[in-house]
Amino acid sequence: MSGYWTGVLGILCINIIFAYSVFIPAAAGQLNLGGAGFMAIGAYSAAYMSTAIGLPMYVTIPGAALFTAVVSFLIAFPILRTRGVYMVLATFAFAEIVAGIIINIEDVGGASGYEVGSYANLGVLAAFAIGTIVFVFYLLSTRFGLSMRAIHDDESVARLFGVSVRMTQVMSFTIGGALAGIAGALYGHQYNYIEIQYFNVLLSIFVLLYVLIGGTQTAWGPLFGAAIFTFLPALLRL
């Protein structure tokens, strides 16, 4: 396989994980336009653990996922007090705040970018992508997944049938944040260099399109959406 298509497949793996990070909250009725912010947190936390502390990749990636999940859990409570377009704006504002904070932290390179020590090859990326797909399909088949879809269809009716709406939404938002952290960590280890300019609003819009075009009520949706938006530009470049 050529280096070009190896790179495309690597991007596809990262995009699949990133798409599912937005899909999980969307399946519970939450549109998240702050995906780039969560991905940036994962990328920079993994990069710092790898470069500054010297931790191996099998520690930095789970560490980035855990740290991003904690951040997601903490901000879920104020963000989930909003509805509709206000939630979209709140998540967008969060991503911009994250970018503004990182660009002013000199310990992670600021506006100049930051090097990442360990390299993640296509095998590592594919393993995480396949693991994410299997996890999401399993999650949607559980009682928790049914609760998510019930909230998406009608939040009031779901509450009447005993679904804990707030807990389900907080947990789905947290899981989505953890997956975005993994995508960011893998992106950093794949390219061995990150800069905050990459994690911009266009990235958040693109990943949301992956999910909306594929559909928010089927786990196949993000997979097809990510594949289309990854392979189509690559084919047009040939």
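The values are calculated or read from the model by the stated rules, or taken from the named source; none is laboratory data. What you see is a predicted model; the values in this text were computed from it and never measured. All Cβ positions, glycine included, derive from the backbone under ideal geometry; neighbour counts span all protein chains shown. Note: accessible area is taken over every heavy atom of the protein model, side chains too, but ligands, DNA and RNA are not part of it. Shrake-Rupley method; radii C 1.70, N 1.55, O 1.52, S 1.80 Å.
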**Report entry** Test for Gln197: is it assigned to a helix (DSSP H, G or I), closer than 17 Å to Thr60 by Cα and open to solvent by 10 Å² or more (accessible area, probe 1.4 Å)
**Finding:** no
Report task. Give me the pairs, please: first residue somewhere in the range 224-238 and assigned to a helix (DSSP H, G or I), second residue anywhere and at pLDDT 90 or above and among the β-branched types (Val, Ile, Thr), beta-carbon distance under 6 Å, and either six or more positions apart or on two chains. Result -> Ala226/Ile16; Thr230/Ile11; Ala234/Val8
Requested in this report: Taking the residues in the range 94-109 that are open to solvent by 40 Å² or more (accessible area, probe 1.4 Å), at pLDDT 90 or above and assigned to a helix (DSSP H, G or I) as candidates, determine which candidate is nearest to Ile53 (Cα to Cα).
Outcome: Ile101
Query - Test: Thr91 is more than 18 Å from Ile194 (Cβ to Cβ), modelled with pLDDT of 95 or more and either among the basic types (Lys, Arg) or open to solvent by less than 20 Å² (accessible area, probe 1.4 Å) (or both) - result: no
Report task. Please specify each residue of the range 122-151 satisfying the condition of being within 28 Å of Asn200 (Cβ to Cβ) and in contact (Cβ under 8 Å) with a residue 24 or more places away in the chain. Result -> Leu122, Val124, Leu125, Ala126, Phe128, Ala129, Thr132, Ile133, Val136
